[in-house]
Amino acid sequence: MFVKRNSMNMVKVAPLKIKVELKSVPHPVTRIILVPENITMLQLHLTIQLCMGWWGNHLFQFMDYKNDPTIIASFANDPEYFYDGMEEKEAHKVKLKKAFFEMREARPFWYWYDFGDDWWHHIRFLKPSKRDMAIFELQEGSPTCVEAIGTCPPEDVGGVRGYEEFCKAVNDPKHPEYESFREWADIAEGSVYDFEQVDIFQINEELETYFESKSWKRKTAEVFAKGLFA
């Protein structure tokens, strides 16, 4: 399969298929994504951010194990956020295929986003189908979300507990926090907050734009300094 990166450059790339599941939230939030097999963990970080609906305002880590990890890919430039003194690797220097698919025999791993709200995402590899291969070729190798279930929690809602309270209050006019949550989340008066609303077409448009931009090739330190989508 030949992936068109631009009119002057053709690169042969196959997809890896992953399922990303946000854990411990009141309703299912999952994404199934096709990504190029040469993707770095920094590129995967940005891909997951776009697929989930996060804003990229916080730190992150990819880890082989939730407890006592032996592999950590992250921004890795501030010792304050090292895991018990363990040196982390800059995410753009770590490849998904080699570090997590081949060396770990495709075992599941973790993505930790926002060290305050503590959003834990469980990631596992799936086998691409013939349909997946056709979609990936049609998308010319761009990361592609093929299934999206559940609205992502609002950024800075207060982690799992805060989101649980948000879910209870946001559509219940009798709840004491009803008005404050709706004002905070900028929800239009009279509308119902939909916990299943996901626009997969918009997700894939944003993924394609990102894949074709200069941002796809940025290094970890640049993303850390300038922001995720700068």
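The values are calculated or read from the model by the stated rules, or taken from the named source; none is laboratory data. Treat the numbers as computed from the prediction; the structure is a model and nothing was measured. Here the Cβ positions follow ideal geometry from the backbone for every residue, glycine too, while neighbour counts run over all protein chains shown.
As an exercise: evaluate LEU228 against (1) surrounded by 14 or more Cβ atoms within 10 Å (Cβ to Cβ); (2) modelled with pLDDT of 95 or more; (3) not basic (Lys, Arg) and give the number of the one condition it does not meet.
Only one criterion is unmet by LEU228, namely (2).
Among helices (runs of 4 or more DSSP H) lying entirely in segment 125-206, which contain 2 or more residues that are assigned by TED's automatic domain parsing to the domain that holds ALA99 and among the charged types (D, E, K, R)? Quick ask: steps written out before the conclusion?
Working: elements: 130-138, 159-169, 178-184.
By residue number, 130-138.
How many residues does segment 95-133 hold that are surrounded by fewer than 18 Cβ atoms within 10 Å (Cβ to Cβ) and among the β-branched types (Val, Ile, Thr)?
0
Kindly indicate which of TRP120, TRP112, TRP55 is part of a loop (DSSP other than H, G, I, E, B) and either of a type outside the set (Val, Ile, Thr) or over 17 Å from PRO153 (Cα atoms) (or both).
On the way: TRP120 fails: part of a loop (DSSP other than H, G, I, E, B); TRP112 fails: part of a loop (DSSP other than H, G, I, E, B).
Being part of a loop (DSSP other than H, G, I, E, B) and either of a type outside the set (Val, Ile, Thr) or over 17 Å from PRO153 (Cα atoms) (or both) holds for just one of TRP120, TRP112, TRP55, which is TRP55.
Looking at segment 152-171, I want the residues that are over 17 Å from GLU196 (Cα atoms) and have a partner that is among the β-branched types (Val, Ile, Thr) and in a loop (DSSP other than H, G, I, E, B) with Cβ atoms under 7 Å, at least 6 apart or on another chain. Which pairs are those?
From segment 152-171, the pairs are VAL160/VAL25.
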